[in-house]
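Student: Have a look at this one before I ask anything.
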Amino acid sequence: MTQWVENPTGGRDRGPVALARAWAEVLVRPRRFFRAGIAPGDQAPGLIFAAVVVLIEELTRLALIPDVYPVVAGQPIASRALFLALAVVLVMPAALHLTAALQTLILMAIAPDRGGVSETVQVLAYSTAPCVFAGPAIPELRVACTAVGVVLLVVGMAEVHDLPYWKAVPVVAVPAAIVFGYGFRGFGAASAVLTEVGLALPF
């Protein structure tokens, strides 16, 4: 599942400039991006993309929010480095692949002409693009970031797996809840926003 294709057809270029260009393209022209930039088996650029998004988001949290991570053995700097590494290197790829596997199971019943698991991993990875701004403790900003991420996920699944949008919306509901609702704390932010206006969410 983590195959790096040496010369993919239609896949993403490598390097920092390519990452920045992919980030801009998926936000500005998502349909074109998902049609042209997703290649079977070419997961590595997408995984690196998602890792960079999580790294920036978590670094922002660390810089702006006190006591984000617990302190282990009285070593605050080492503890932050450890938990940051775990989030980027272990938690992110594991969550991404498990969510992609779940998404594939859902797609099996809905999309007979669907792409493979690799394409699903890439769509999930690139749809996290707006969450580079989700680090600050500003609920409204986090809600906006995760909402845009959900929209990108719907667009990506529709384009890559040949689904009409009315089918893509319910198909991505559970994976979107996992990645954006819980992973990027969209539900918590939405609850905070609604609490400000006297409402509450059941999670």
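The values are calculated or read from the model by the stated rules, or taken from the named source; none is laboratory data. Computed from a predicted structure; not experimentally measured. Methodologically, a virtual Cβ is constructed for each residue, glycine included, from the backbone with ideal geometry; neighbour enumeration extends over all protein chains shown. The protein model used for the area step is the full one, side chains on, heavy atoms only, and it has no ligands, DNA or RNA in it. Shrake-Rupley method; radii C 1.70, N 1.55, O 1.52, S 1.80 Å.
Student: Going through region 159-174 one residue at a time, which ones are part of a helix (DSSP H, G or I) and within 18 Å of Ala39 (Cβ to Cβ)?
Tutor: Glu159, Val160
Student: With the requirement that a residue be part of a helix (DSSP H, G or I) and either free of Cβ contacts under 8 Å to residues at least 12 places away in the same chain or surrounded by 24 or more Cβ atoms within 10 Å (Cβ to Cβ) (or both), what does region 113-128 give you?
Tutor: Answer for region 113-128, where residues must be part of a helix (DSSP H, G or I) and either free of Cβ contacts under 8 Å to residues at least 12 places away in the same chain or surrounded by 24 or more Cβ atoms within 10 Å (Cβ to Cβ) (or both): Glu119, Thr120, Val121, Gln122, Val123, Leu124, Ala125, Tyr126.
Student: Kindly provide the set of residues from region 73-90 that are loosely packed, with under 14 Cβ neighbours inside 10 Å, aliphatic (A, V, I, L, M) and at pLDDT 80 or above, ordered by number.
Tutor: Residues satisfying the conditions are Ile77, Ala78, Ala81, Leu82, Ala85, Leu86, Val89, Leu90.
Student: Turning to a different aspect of this structure: Evaluate region 176-186: report whether one residue or more is within 23 Å of Arg31 (Cα to Cα), crowded, with 23+ Cβ neighbours inside 10 Å and among the small types (Gly, Ala, Ser).
Tutor: Scanning region 176-186, I find at least one residue that is within 23 Å of Arg31 (Cα to Cα), crowded, with 23+ Cβ neighbours inside 10 Å and among the small types (Gly, Ala, Ser), so the answer is yes.
Student: (1) buried (at least 19 other Cβ atoms within 10 Å of the Cβ); (2) on the phi > 0 side of the Ramachandran plot: which one isn't true of Ala190, the others all being true?
Tutor: With respect to (1) buried (at least 19 other Cβ atoms within 10 Å of the Cβ); (2) on the phi > 0 side of the Ramachandran plot, Ala190 is out only on (2).
Student: Which of the residues belonging to region 129-142 are hydrophobic (A, V, I, L, M, F, W, C), open to solvent by 50 Å² or more (accessible area, probe 1.4 Å) and part of a helix (DSSP H, G or I)?
Tutor: Of all residues in region 129-142, those hydrophobic (A, V, I, L, M, F, W, C) come to 129, 131-134, 137-138, 141.
Filter once more, so that each one left must be open to solvent by 50 Å² or more (accessible area, probe 1.4 Å): 133, 137-138, 141.
Answer for region 129-142, where residues must be hydrophobic (A, V, I, L, M, F, W, C), open to solvent by 50 Å² or more (accessible area, probe 1.4 Å) and part of a helix (DSSP H, G or I): Phe133, Leu141.
Student: Looking at region 103-112, is at least one residue open to solvent by 40 Å² or more (accessible area, probe 1.4 Å), farther than 21 Å from Ala129 by Cα and in contact (Cβ under 8 Å) with a residue 40 or more places away in the chain?
Tutor: Yes; the residues of region 103-112 include at least one that is open to solvent by 40 Å² or more (accessible area, probe 1.4 Å), farther than 21 Å from Ala129 by Cα and in contact (Cβ under 8 Å) with a residue 40 or more places away in the chain.
Student: OK, next. Can you confirm whether Glu196 is more than 14 Å from Thr128 (Cβ to Cβ), acidic (Asp, Glu), surrounded by fewer than 20 Cβ atoms within 10 Å (Cβ to Cβ) and out of contact with any Asp or Glu (no Cβ under 7 Å at 6 or more places or on another chain)?
Tutor: When the stated conditions are applied, Glu196 passes them.
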